[in-house]
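Down below is the structure, laid out as structure tokens.
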Amino acid sequence: MRPATALPSTEARRYDLDWLRVLAFGLLIFYHTGMVFVGWQFHLMSQVSSPVLELPMEFLNQWRMPLLFVISGVGVTFALGRRKAGQFIGERLQRLLLPLAFGMLVVVVPQVYYERLAQGAGYTSLLDFYPHYFEGTYPKGNFTWNHLWFIAYLLPFSLLSLPLFLQLRKPAAQVLLARLSQWLQRPGRVLLFALPLVFLQLVLRPYWPDHRNLVSDWFNFAFYLTLFVYGYLFGPLAGFWQAAERQRYLFLTLGLAAFSFYYWGGDFYSAFISGAIKRAVQGINCWCWILVCIGFGRRYLNRNSLLLQRANEAVYPFYILHQTVLIALGYYVLQWPATNAAKFLVIALGTFGGTLFLYAVIYRSSVLRILFGMKPKSFAAERKATKTNGHQNTLRLLPVTAGNSRSAVDQDVDSSSWPDPVR
């Protein structure tokens with residue numbers, strides 16, 4: 001007989017979340033290519049903007065990164081499931097801090113170099129620029145993590161949240177989580193978790209510009225930390241995932257309505273009131289689209305494939321490398337006498353091809369694999385041989401009981417190249 005505190009179901013490995021992570025990061029190339037042409041502030045900007053890109057860019061901007069923080073939180077559920085606190089901290093430092101440091105010292109440098117060239121600086125080469133890279137912090141100076149801000153936030157989130165996560169593994173918390181799982185299955189209840197996001201939009205967003213510098217960025221810090229904790233909290237709760245799947249069309253309808261209101265909504269009485277209303281709608285819109293991705297993903301993407309296995313292993317190095325390739329290529333392509341559409345296509349495809357080439361080099365180097373957050377080559381080969389022999393581990397979200405840890409997990413290392421694999 002199932003214990004009274006057990007969660008209501010057992011699930012197989014969550015390939016849907018693997019797919020969502022790969023697809024969300026796959027959009028980065030197109031999104032950052034769009035940033036060159038949309039007319040928003042970016043490291044390189046076309047002299048002629050393309051307003052047609054504004055709608056899809058604004059749409060993606062509402063939920064893409066929030067979704068990734070939720071998925072990262074779910075990944076920590078399983079990464080922490082088989083590790084002690086000290087082991088978890090060691091892994092976080094290796095998989096997050098090391099790639100971040102290497103990225104800031106090596107990978108990001110050409111981005112700032114080409115940006116300064118576009119602004120009229122007279123550096124003769126990348127080597128000539130490199131000593132100047134350490135002169136002050138970006139944007140007034142040069143030293144920066146640029147697009148690697150996601151890693152820079154994910155690391156303190158993991159460490160600061162660890163005491164809470166350890167408390168949630170205790171028997172008393174397991175009983176409450178089992179009840180929460182059942183409570184969430186009722187229609188509409190998962191929408192209530194948009195309220196903290198709305199609160200943060202109203203209270204913090206007006207006063208903290210989007211610097212993404214970690215130390216004076218309290219809106220982003222609180223907003224993304226909340227989503228990260230949501231991922232850990234909901235990770236093993238079958239009721240949450242079932243509700244997201246069953247009510248996916250409701251969330252889709254609400255998401256379309258919220259985004260339409262945010263994007264096309266008019267002014268209301270005063271700029272202050274209009275801004276507050278739109279910020280509140282942003283919080284609702286963000287959570288609805290996260291639920292849409294989770295619900296439809298669970299329905300249609302929960303299946304494995306060779307492509308998924310390869311993409312899971314490549315996604316972290318691709319993320320670290322892609323913007324450097326994009327900016328280096330874009331600097332020259334923007335000088336061509338061609339249309340924005342042609343330039344967009346060349347930059348997007350060239351970025352993918354260039355990043356793929358660099359990944360092929362990294363894949364074969366044990367040292368580079370570690371610097372880019374991948375497992376050592378010998379370890380990956382051992383796992384591949386194990387799978388070839390017909391023994392492939394799977395991930396299971398097991399029922400949580402009062403006497404068990406938060407989850408029992410068998411790890412599939414194919415996806416472990418990302419620091420928070422959905423294992």
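The condition of being over 26 Å from Val76 (Cβ atoms), surrounded by fewer than 15 Cβ atoms within 10 Å (Cβ to Cβ) and under 26 Å from the mean Cα position of the chain (by Cα) holds for only one of Pro131, Pro139, that being Pro139.
For the structure I just gave you, tell me whether Leu256 is assigned to a helix (DSSP H, G or I), out of contact with any helix residue (DSSP H, G or I) (no Cβ under 6 Å at 6 or more places or on another chain) and at negative phi. Break it down stepwise before answering.
Values: assigned to a helix (DSSP H, G or I): yes; out of contact with any helix residue (DSSP H, G or I) (no Cβ under 6 Å at 6 or more places or on another chain): yes; at negative phi: yes.
So Leu256 fits the description; yes.
If you go through segment 38-46 one residue at a time, do you hit one that is open to solvent by 10 Å² or more (accessible area, probe 1.4 Å) and hydroxyl-bearing (Ser, Thr, Tyr)? There is at least one residue in segment 38-46 that is open to solvent by 10 Å² or more (accessible area, probe 1.4 Å) and hydroxyl-bearing (Ser, Thr, Tyr). If you filter segment 11-28 down to residues that are open to solvent by less than 40 Å² (accessible area, probe 1.4 Å) and part of a loop (DSSP other than H, G, I, E, B), you find that the one that is modelled with the highest pLDDT is Arg14.
Among the conditions (1) open to solvent by 10 Å² or more (accessible area, probe 1.4 Å); (2) closer than 28 Å to Gln185 by Cα; (3) modelled with pLDDT of 95 or more; (4) not polar (S, T, N, Q), Tyr31 misses just one, which is (2).
Once segment 95-108 is narrowed to residues that are assigned to a helix (DSSP H, G or I) and in contact with a Ser or Thr (Cβ under 8 Å, 6 or more places away or on another chain), the residue that is nearest to Ile327 (Cα to Cα) is Val107.
Given the criteria touching a residue at least 60 places away in the same chain (Cβ under 8 Å), within 23 Å of Val315 (Cα to Cα) and either in a loop (DSSP other than H, G, I, E, B) or not small (Gly, Ala, Ser) (or both), does Arg92 qualify? In short, yes. Of the residues making up segment 152-203, just one is within 16 Å of Phe78 (Cα to Cα), in contact (Cβ under 8 Å) with a residue 60 or more places away in the chain and open to solvent by 70 Å² or more (accessible area, probe 1.4 Å), namely Leu164.
Kindly indicate which of Ala311, Ala258 is aliphatic (A, V, I, L, M), within 17 Å of Ala24 (Cβ to Cβ) and crowded, with 21+ Cβ neighbours inside 10 Å. Walk me through it before giving the result.
On the way: Ala258 fails: within 17 Å of Ala24 (Cβ to Cβ).
After ruling out the rest, the residue left standing is Ala311.
Is it fair to say Gln201 is closer than 30 Å to Gly81 by Cα and in a helix (DSSP H, G or I)?
Working: closer than 30 Å to Gly81 by Cα: no; in a helix (DSSP H, G or I): yes.
For Gln201, the condition - closer than 30 Å to Gly81 by Cα and in a helix (DSSP H, G or I) - is not met.
Every condition in (1) part of a loop (DSSP other than H, G, I, E, B); (2) buried (at least 18 other Cβ atoms within 10 Å of the Cβ); (3) of a type outside the set (Lys, Arg) is met by Leu214 except one, and the failing one is (2).
Can you confirm whether Arg248 is of a type outside the set (Ser, Thr, Tyr), within 19 Å of Trp289 (Cα to Cα) and open to solvent by 20 Å² or more (accessible area, probe 1.4 Å)? Full working, then the answer.
On the way: of a type outside the set (Ser, Thr, Tyr): yes; within 19 Å of Trp289 (Cα to Cα): yes; open to solvent by 20 Å² or more (accessible area, probe 1.4 Å): yes.
So Arg248 fits the description; yes.
Look through Leu227, Leu301, Leu254 and report the one residue that is under 16 Å from the mean Cα position of the chain (by Cα) and either of a type in the set (A, V, I, L, M, F, W, C) or modelled with pLDDT of 95 or more (or both). Spell out how you get there, then give the answer.
Values: Leu301 fails: under 16 Å from the mean Cα position of the chain (by Cα); Leu254 fails: under 16 Å from the mean Cα position of the chain (by Cα).
Going through Leu227, Leu301, Leu254 in turn, just one is under 16 Å from the mean Cα position of the chain (by Cα) and either of a type in the set (A, V, I, L, M, F, W, C) or modelled with pLDDT of 95 or more (or both): Leu227.
The values are calculated or read from the model by the stated rules, or taken from the named source; none is laboratory data. Keep in mind it's a predicted model, so treat the numbers as computed, not measured. Methodologically, a virtual Cβ is constructed for each residue, glycine included, from the backbone with ideal geometry; neighbour enumeration extends over all protein chains shown. To get the accessible areas, we keep the full protein, side chains included, count just its heavy atoms, and leave off ligands, DNA and RNA. Shrake-Rupley method; radii C 1.70, N 1.55, O 1.52, S 1.80 Å.
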